[in-house]
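Worksheet: one structure, shown below.
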Amino acid sequence: MAALSFCSSSPPRILHKQSKSSFFPSSASSSFTQTVGELFANPFSVSRRFRGAVNSTVVSDESGNAKLPSSPAKKLRNIMQSPGVLQGPCCFDALSAKLIERAGFPYCITSGFSISASRLGLPDKGLISYGEMVDQGQQITQSVSIPVIGDGGNGYGNAMNVKRTVKGYIKAGFAGIIINDEVCCENTKSERRVVSREEAVMRVKAAVDARRECDSDIVIVAQTDSREAISLEESLIRARAFTDAGADVLSVDSLVSREEMKAFCNVYPLVPKLANMLESGGKIPILNPLELEEIGYKLVAYPISLIGVSIQAMQDALLAIKGGRIPPPGSMASLEEIGEILGFDTYEEEEKRYATSSSDRVSSSSVYRNQRVAKDDPEQREDLIVEVITPEVYNEPRNPFSRIWSRSLRIKIIGRDGFEKLDVRIPAGFLEGVTNIVPALGGVNLKQLMDDAADEVGGKILLDFKDTAGDRIQVFLE
């Protein structure tokens, strides 16, 4: 099918002849060409109005009855026909993919950079293998219902390796695959090198052949790094050649200005373009989705956002633990939130379908369930045995009229950088678990301190010291 232009008010015109059937499913090609002239007789943008329609898109059978797409690739193609630019954060494992889906994104992309970091703890320099990427990818695709585009790198070798890679990604459940023209997987602080234009095109042709041999419709995203390695002109020439070879989506990395981005999007305007918004250290301008849409992009990738914030959060937590504390409650998910994300409740509901008649069976999920308090049925509550390191076990009765039970402690932590990390008030009756919040207070007899200061007015400072991390910890009597 000839590619069409949506960029003018004139009837659709032929831009080039493609060797592939079309980006759209073959069954829809004829009807699409008949109606496109009517739909786009006048230029307009509907994405702002219908941005929320992505997740509800369906296809129809011959009788007009709605049905779900039969493959991840068809689902992705269906989503890509929706108006507006589509954001796709990059994941690196099953959990990050689940979080992307829960946040409402219609698709996600795997990042070879992030997978190499999380799985191997090594840089993305070609050290991670094809087998490791396929294994990680299968875990990701099986954990979510949204389509996933896989980072196929340079295909892990010559054209025959590219075919093997594409076939493996299809079996792993990917909806799309990114193939680039780099000599090897080179990222950051290195001058990029690309293969010849002829070899780059052959990689795309090999990917298209592998798709056909598998009777698949996986979306092939052809990416070139030749803008940085050679020139803008070369990258645009390669983009055209990739489309002629059968690529469904195009991407040019390391564009340095809006003008270059517009020049790229003017290459076969009908063919969807992927913008790689490298959040740190990249050359491409960081634009918001509406700006990218106006330029002509359809897909937007955010390659290091999730791995970047994950690394920072873990470093902050480890610094707190090293300083004798645990991370503040607001900085991490609760056990119930984690259980909801991982699907404990769904598991338990499904488990009931296979329950035996034995009433005393032990459920494999009982460990998690026993840590939760049944809020709606007091009879279901179970007493928990929790071992906590506390400064002292209180033996006296909690008389509400005694001198200390009506008082509370205010615990304040100021980081060595001068920023406040914690400011919490704890009633006297709940001091047993204070070391769960501030482990550095372990060994301090808080009860005795409160007894000694029972007649003091509120605001008296009881403790003021620095922990091993250099944070200032203050304890006030309220």
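The values are calculated or read from the model by the stated rules, or taken from the named source; none is laboratory data. Remember, predicted model here, so these are calculated numbers, not experimental data. Note: ideal-geometry Cβ built from the backbone for every residue, glycine included; neighbour counts use all protein chains shown. Heads up: the accessible areas ignore ligands, DNA and RNA and are worked out on the full protein's heavy atoms, side chains in. Shrake-Rupley method; radii C 1.70, N 1.55, O 1.52, S 1.80 Å.
Numbers below:
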quantity	calculated
Computed accessible area, residue 234, all protein chains, 1.4 angstrom probe, square angstrom	20
Residue 453 paired with residue 259, simple spin-label distance in nm, labels 7 Å along Cα-to-beta-carbon	6.6
Ranking by accessible area, most exposed first, for 346, 468 with a 1.4 Å probe	468, 346
Which of 244, 217 is most accessible, then next, and so on - probe 1.4 Å	244, 217
Rg/Rh for segment 404-475, where both radii come from Cα atoms and Rh is the Kirkwood radius	0.95
With all protein chains modelled, accessible area of residue 214 [1.4 Å, Å²]	50
Order of exposure, largest accessible area first, which applies to 283, 412, 125 with probe 1.4 Å	283, 125, 412
Dipole of segment 232-333 [Lys/Arg +1, Asp/Glu -1 at C-beta], most positive-end residue of 241, 323, 303	323
